[in-house]
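Working notes, beginning with the structure itself.
Throughout, read-outs are computed from the coordinates displayed, never taken from laboratory work. Please read all numbers here as calculations on a predicted model, not as lab measurements. Cβ atoms come from the backbone with ideal geometry, glycine included; neighbour counts cover every protein chain shown.
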Amino acid sequence: MTKTLDIAVFHGDGIGPEIMKPTLQILERLAWAAQSYGLTFQDAPAGASHYAQTGESLPQASMDLARSCDAILLSAMGLPDVRYDDGTEISPQIDLRKELSLFAGVRPVTVKAGQRSPLNLPADREIDFVLIRESTEGLFYSQGRGEVTKDAAKETLLITRSVSEKLFRFAFDLAKTRKSTGRSPGKVTCVDKANVFRAFAFFREIFDAEGAHHPEITADHAYVDATALWMVQKPWDFDVLVTENMFGDILSDLGAGLMGGLGLAPSADIGLDHAVFQPCHGSAPDIAGQGTANPFAMILSAAMMLDWLGLRHDIPEMRADGDRLRQAVDQVVVRGDVLTRDLGGTASTSEAANAVLHAL
Ligand code: ATP
């Protein structure tokens, strides 16, 4: 039996629509060939260009569509020169995160054998870990509400038991899934600063309590500063890392750097009922309209979506297609002959996406 799943599509700003278009073509081809699933795509207007045209950055109809669909595929959003009256940037992706309680920001960091990385790894060395960034509270809790006087500025960090419990359960479940597929030995590391801040000692305590429910997974701790060092010195030692919002924001860019740039960094924001899949990078207005944007982070985010939907709806073919799509991108990246400018090549967006289709 074929199960059809609905995807809400946010095309984004700048290079957003340029990398979304070939990604949808690849997904359409996969769904067309699939026996057990189908996909429908529904456009959800939003973003900085939409705000400039209509005065609305995330219309209620788009929010309702996102809520009613099975998954949300979102391209890079925001433009530096289109802002709200208070000077802040247009970022519907953050509104979606809050509105849909997408507490787990999932950022895989992978470097395949032979792939170029600034670490100059030995040819057979691989990196494969996942950073989970709590995405609804932490130091971002007071975003836009910080108190500033002439002499002082104050922001508030919030860590709650209810969100932390869900976050850690998600992290241990992910480690179990990775272990069950033979991808990793099964370890979760809580990244914090529990030696200095009481809030992080609280965070760690909740982590330890959740860890006790998963004896088959190793529960580990690391301070955030040491983690930054080890991500450079021995990133192959990590499996699943879980951390607070701001720490995760910073470490995930370091993770993207290990992979060779933002153009290869996919992400997912996942909650109990909804999930958004989007590249880590922004809308790159400096190269928009040139047809040179790297589509790989967007395509890899779509692969994560297939994986998540396949697991959630128990459609093994969909998970297998997610794997195949990821492997096709890996193959093109390792081969290195059809890469966009950001990765040192000369290929256009469509040439790079076609190389992935060919590898599939
Ligand atoms: P944001 O704050 O919205 O995340 P940002 O200020 O970090 O955005 P990006 O838009 O991510 O900036 O761009 C940073 C740099 O990386 C730019 O020089 C941009 O051209 C480049 N870049 C980002 N994404 C891509 C991509 N997919 N392909 C090629 N270059 C990219």
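Miscellaneous remarks
- Gaussian network model of the chain, springs between alpha carbon atoms under 10 Å - residue of Ala328, Ala61, Ala293 with greatest fluctuation: Ala61
- Net length available on complete extension from Ile250 to Val232 is 5.1 nm, with 0.36 nm assigned per residue and the Cα-Cα distance removed.
- Prolate/oblate/rounded label for region 224-360 (Cα gyration tensor, a/c 1.5): oblate
- Most to least packed among 175-181, 201-207, 185-191, 140-146 [average Cβ atoms within 10 Å]: 185-191, 201-207, 175-181, 140-146
- Candidates Asn195, Asn120, Ala152 compared by Cα position along the dipole of region 77-234: farthest toward the positive end lies Asn120, with charges placed on Cβ.
- Ranked by how many other Cβ atoms sit within 10 Å of their own Cβ, fewest first, the residues Leu96, Leu262 fall in the order Leu262, Leu96.
- Region 246-288 shape via C-alpha gyration tensor axes, a/c threshold 1.5: oblate
- Listed pairs Lys112/Lys166; Lys21/Lys112; Lys21/Lys98 exceeding 29 Å between Cα atoms: Lys112/Lys166
- Residues His274, His213, His50, His221 arranged by fewest to most Cβ contacts within 10 Å: His213, His221, His274, His50
- Shape of the chain, Cα gyration tensor, a/c cut at 1.5: rounded
- For region 132-278, a Kirkwood radius taken over Cα pairs fed into Stokes-Einstein (25 °C, viscosity 0.890 mPa s) yields D = 151 µm²/s.
- Computing FRET efficiency as 1/(1 + (r/R0)^6) for Asp337 and Phe41, where r is the C-beta to C-beta distance and R0 is 30 Å, gives about 0.45.
- Estimated vicinal HN-Hα couplings, Hz - region 320-329 in sequence order (Karplus 6.51, -1.76, 1.60; Gly, Pro = x): 5, 5, x, 5, 4, 5, 4, 5, 5, 5
- Zone residues, region 185-199, relative to Arg161, backbone N less than 16 Å from point 7 Å out along Cα-to-Cβ: 199
- With Cα atoms defining each centre, region 294-354 and region 185-205 are spaced 33 Å apart in the structure.
- Residue-averaged [θ]222 nm for the chain, counting only DSSP H segments that reach four residues, each worth -39500 (n - 2.57): -13000 deg cm²/dmol
- Take every pair of alpha-carbon atoms less than 8 Å apart whose residues are at least six positions apart; their mean separation over the length of the chain yields a relative contact order of 20 percent.
- Once both labels are positioned 7 Å from their Cα atoms along Cα-to-Cβ, the gap between Asp85 and His313 label points is 4.3 nm.
- The relative contact order of region 66-105 comes to 28 percent, based on Cα pairs under 8 Å that sit 6 or more residues apart.
- Here the label points at Tyr223 and Arg67, each 7 Å from Cα along the C-beta direction, are separated by 4.4 nm in the simple model.
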